[in-house]
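The structure under discussion is supplied below as structure tokens; questions concerning it will follow.
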Amino acid sequence: MKRIVIIGGGPSGVVCALHAKKNNNEVIILERNNTLLKKLLMTGNGKCNYFNDEIILDNYESSNKDILENIITNNNIDKVREFFNEIGIVPKVKNGYWYPYSNQATTIKEQLELELKNKDIKVYLNSLVKDIKKNNNKYIISYNDTEIECDVVVISTGSKAYPKTGSDGFGYELLKKFNHTIIKPLPALVQLETKEKYKDWSGVRTDVELELFEDDKYISSEKGELQLTDYGISGICVFNLSNKLVRGLDEGKKEVIKINFIPFINIPVTVWLNDYNNKHSNKTIKELLEGFLNNKIVKVILKYNNINDNTKYNELSNEDKIKLINSLRFFKVEIASTKGYDNSQICNGGVSLLEINPNTFESLKEKNLYIIGELLDINGNCGGYNLINCWISGILSGTDIGDNND
Ligand SMILES: Cc1cc2nc3c(=O)[nH]c(=O)nc-3n(C[C@H](O)[C@H](O)[C@H](O)COP(=O)(O)OP(=O)(O)OC[C@H]3O[C@@H](n4cnc5c(N)ncnc54)[C@H](O)[C@@H]3O)c2cc1C
């Protein structure tokens, strides 16, 4: 019989606990909040997007994608599917994104808590862990004003993202003490502040295509609904690009996003615009553009190009026509910063994958110390990919701990 202490009662820690509870092991979760799974309740706008039909490496960023390839495997993904099946979560699948059929994140929280109760796993709430020391083969964990000794310790304290849910980066500092390398955690899946601000289009949501360029080199593109704000840009497509640009931005690289406001035009834009104008030649340029674009976007684009609202398209110089088309098809915004940890869904970065066993998530630096969940340098896009990392690392670490009788 071993005593296993799991620090952090988020998705990864809870799932690890459920799998570690075997062979009469005593399993204890230490959670600083007065409830488990606080962040999980916020996921997917309160509906919890916990899984995805299409789980491929392209949906992740990491400094060690070659190692990640051994974690995001079909076999491990099957284990996640089986686990949710076993605990009785019925999915509702929307465009490949999985939510509980109830549409409530609380369903996942409550079903996981029920499993913890049925397995007699001890949960110590309001328990803030301050330090861990190793004494021979035992770990001594200081929390609140007391200590607890254990054989195995699991660190599942999450990242620095959304600290009001309890994850404040404690795990990084703790693991530095155990000589782990931390890839600088940066806010990701987050709104972006742009250098130029366009207050006139604030509040608009529009379907676009985005292309990201780093120091003028094409990096990636995204399609989806863009939210234009007074500080910059937001929306799932922006969040996904934020995951790709934060490291470059932090290193001082120039990050530019080109917005295609007219993704529905699939012939040369000049041809399309000429034809459209011919059919509506009595309209001013403003009236013409408002036929297919939000009037607030039209206002910004015309102002940006110094084009008078009442001009007719045919009256524009060739140079102005080109400038206008460029703004419709490649409106450039340069990224100044992100909206920070307080607003980010995850951190890009974390404990280097070079220092964990990808089959068990045990530290390669310390025996019987496991590191799981978002604390690791596994950085998924929107779509359930970050929780998938938590489920996989929770299942594999817990299974290893539970099966291993040393
Ligand atoms: C608004 C929002 C929406 C999101 N939506 C989705 C989504 O739809 N799909 C998806 O896949 N991902 C989503 N994510 C990301 C996902 O929630 C996280 O990746 C996931 O919760 C990480 O799980 P974790 O177990 O690693 O850590 P966390 O969920 O952060 O849990 C860590 C726990 O450790 C506790 N803890 C920390 N330090 C200590 C300490 N010193 N002592 C004791 N306890 C401590 C914390 O209180 C916390 O409860 C979203 C995130 C946010 C913020």
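The values are calculated or read from the model by the stated rules, or taken from the named source; none is laboratory data. Computed from a predicted model, the values in this text were never measured in an experiment. With ideal geometry, Cβ positions are generated from the backbone for all residues, glycine too; neighbour counts draw on all protein chains shown.
Test Leu112 against the stated conditions and say whether it is in contact (Cβ under 8 Å) with a residue 40 or more places away in the chain and closer than 21 Å to Gly46 by Cβ.
Yes; evaluated as a whole, the condition is true for this residue.
If you go through the range 354-370 one residue at a time, do you hit one that is out of contact with any strand residue (DSSP E or B) (no Cβ under 6 Å at 6 or more places or on another chain), among the hydroxyl-bearing types (Ser, Thr, Tyr) and within 21 Å of Val204 (Cα to Cα)?
No, the range 354-370 has no match at all.
Taking the residues in the range 26-40 that are surrounded by fewer than 21 Cβ atoms within 10 Å (Cβ to Cβ) and among the β-branched types (Val, Ile, Thr) as candidates, determine which candidate is nearest to the chain's Cα centre (by Cα).
Thr35
Of the numbered conditions (1) assigned to a strand (DSSP E or B); (2) touching a residue at least 40 places away in the same chain (Cβ under 8 Å); (3) of a type in the set (D, E, K, R), Asp200 fails exactly one; give the number of that condition.
Only one criterion in (1) assigned to a strand (DSSP E or B); (2) touching a residue at least 40 places away in the same chain (Cβ under 8 Å); (3) of a type in the set (D, E, K, R) is unmet by Asp200, namely (1).
Quick check, is Glu366 assigned by TED's automatic domain parsing to the domain that holds Ile183, over 20 Å from Gly9 (Cβ atoms) and out of contact with any Asp or Glu (no Cβ under 8 Å at 6 or more places or on another chain)?
Values: assigned by TED's automatic domain parsing to the domain that holds Ile183: yes; over 20 Å from Gly9 (Cβ atoms): yes; out of contact with any Asp or Glu (no Cβ under 8 Å at 6 or more places or on another chain): yes.
Criteria met by Glu366.
Right, something else. Please determine whether any residue of the range 60-71 is more than 29 Å from Glu173 (Cβ to Cβ), in a helix (DSSP H, G or I) and away from the ligand (no atom under 16 Å from the Cβ).
There is no residue in the range 60-71 that is more than 29 Å from Glu173 (Cβ to Cβ), in a helix (DSSP H, G or I) and away from the ligand (no atom under 16 Å from the Cβ).
What are the pairs with Cβ atoms under 9 angstrom where one residue, in the range 358-384, is without any contact (Cβ under 8 Å) to a residue 24 or more places away in the chain and the other, located anywhere, is of a type in the set (A, V, I, L, M, F, W, C) and more than 15 Å from the ligand (Cβ to nearest atom)? Sequence gap at least six, or different chains.
Taking only residues 6 or more apart or on different chains, the pairs are Leu364/Leu354.
I'm trying to understand the selection: among the residues of the range 325-345, which are in contact (Cβ under 8 Å) with a residue 24 or more places away in the chain and assigned to a helix (DSSP H, G or I)? Steps first, please.
Keep residues of the range 325-345 that are in contact (Cβ under 8 Å) with a residue 24 or more places away in the chain, which gives 325, 327-345.
Passing the criteria: Ile325, Ser327, Leu328, Arg329.
Just one of (1) buried (at least 24 other Cβ atoms within 10 Å of the Cβ); (2) more than 9 Å from the ligand (Cβ to nearest atom); (3) of a type outside the set (D, E, K, R) trips up Ile346, so point out which.
Condition not satisfied by Ile346: (2).
All but one of (1) out of contact with any Gly (no Cβ under 9 Å at 6 or more places or on another chain); (2) in a strand (DSSP E or B) hold for Leu245; which doesn't?
Condition (2) is where Leu245 drops out.
Can you tell me which residue among Leu376, Leu369 is touching a Gly at 6+ places or on another chain (Cβ under 9 Å) and more than 17 Å from Lys22 (Cα to Cα)?
Values: Leu369 fails: touching a Gly at 6+ places or on another chain (Cβ under 9 Å).
Leu376 is the lone residue from the list that is touching a Gly at 6+ places or on another chain (Cβ under 9 Å) and more than 17 Å from Lys22 (Cα to Cα).
Would you confirm, using the coordinates I've provided, whether Tyr370 is surrounded by 23 or more Cβ atoms within 10 Å (Cβ to Cβ), of a type in the set (Phe, Trp, Tyr) and away from the ligand (no atom under 11 Å from the Cβ)?
Details: surrounded by 23 or more Cβ atoms within 10 Å (Cβ to Cβ): yes; of a type in the set (Phe, Trp, Tyr): yes; away from the ligand (no atom under 11 Å from the Cβ): yes.
Yes, satisfied.
Hey, any hits in the range 321-339 for a residue that's within 16 Å of the ligand (Cβ to nearest atom), more than 15 Å from Ile71 (Cβ to Cβ) and of a type in the set (Ser, Thr, Tyr)? Let's see the steps before the verdict.
Let us first name the residues in the range 321-339 that are within 16 Å of the ligand (Cβ to nearest atom), namely 338-339.
Restricting the remaining residues to those that are more than 15 Å from Ile71 (Cβ to Cβ) gives 338-339.
If we keep only those that are of a type in the set (Ser, Thr, Tyr) too, we end up with 338.
Within the range 321-339, one or more residues are within 16 Å of the ligand (Cβ to nearest atom), more than 15 Å from Ile71 (Cβ to Cβ) and of a type in the set (Ser, Thr, Tyr).
Report, ordered by the first and then the second residue, all pairs with beta carbons closer than 7 Å, sequence separation of six or more or different chains, a first member in the range 56-70 that is without any contact (Cβ under 8 Å) to a residue 60 or more places away in the chain, and a second member that is crowded, with 16+ Cβ neighbours inside 10 Å.
Close Cβ pairs (under 7 Å, with a partner that is crowded, with 16+ Cβ neighbours inside 10 Å) amount to Leu57/Leu68; Leu57/Ile72.
So, of the residues in the range 381-402 that are aliphatic (A, V, I, L, M) and out of contact with any Gly (no Cβ under 9 Å at 6 or more places or on another chain), which turns out to be farthest from the ligand (Cβ to nearest atom)?
First, pick out the residues of the range 381-402 that are aliphatic (A, V, I, L, M): 387-388, 392, 395-396, 401.
Filter once more, keeping what is out of contact with any Gly (no Cβ under 9 Å at 6 or more places or on another chain): 392, 395-396, 401.
Details: Ile392: 12, Ile395: 13, Leu396: 14, Ile401: 16 Å.
Selected residue: Ile401.
Residues of the range 289-324 being loosely packed, with under 15 Cβ neighbours inside 10 Å and in a helix (DSSP H, G or I), which ones?
Scanning the range 289-324 gives Asn295, Lys303, Asn314, Glu315, Asn318, Glu319, Ile322.
Would you mind stating whether Lys244 is farther than 23 Å from Asn295 by Cβ and either buried (at least 18 other Cβ atoms within 10 Å of the Cβ) or within 16 Å of the ligand (Cβ to nearest atom) (or both)? Spell out how you get there, then give the answer.
Numbers: farther than 23 Å from Asn295 by Cβ: yes; either buried (at least 18 other Cβ atoms within 10 Å of the Cβ) or within 16 Å of the ligand (Cβ to nearest atom) (or both): yes.
Yes.
Next question. Based on what the data block shows, is Asn118 over 27 Å from Cys48 (Cβ atoms), exposed (fewer than 14 other Cβ atoms within 10 Å of the Cβ) and either without any contact (Cβ under 8 Å) to a residue 40 or more places away in the chain or hydrophobic (A, V, I, L, M, F, W, C) (or both)?
Values: over 27 Å from Cys48 (Cβ atoms): no; exposed (fewer than 14 other Cβ atoms within 10 Å of the Cβ): yes; either without any contact (Cβ under 8 Å) to a residue 40 or more places away in the chain or hydrophobic (A, V, I, L, M, F, W, C) (or both): yes.
Taking the combined requirement at face value, the residue does not satisfy it.
Going residue by residue through the range 13-25, is there one that turns out to be in a helix (DSSP H, G or I), within 8 Å of the ligand (Cβ to nearest atom) and either surrounded by 24 or more Cβ atoms within 10 Å (Cβ to Cβ) or within 25 Å of the chain's Cα centre (by Cα) (or both)? Spell out how you get there, then give the answer.
Initially, the range 13-25 is screened for residues in a helix (DSSP H, G or I), giving 13-20.
Of the ones still in play, those that are also within 8 Å of the ligand (Cβ to nearest atom) are 13-14.
Next cut, either surrounded by 24 or more Cβ atoms within 10 Å (Cβ to Cβ) or within 25 Å of the chain's Cα centre (by Cα) (or both) only: 13-14.
Checked against the condition, which is being in a helix (DSSP H, G or I), within 8 Å of the ligand (Cβ to nearest atom) and either surrounded by 24 or more Cβ atoms within 10 Å (Cβ to Cβ) or within 25 Å of the chain's Cα centre (by Cα) (or both), the range 13-25 yields at least one hit.
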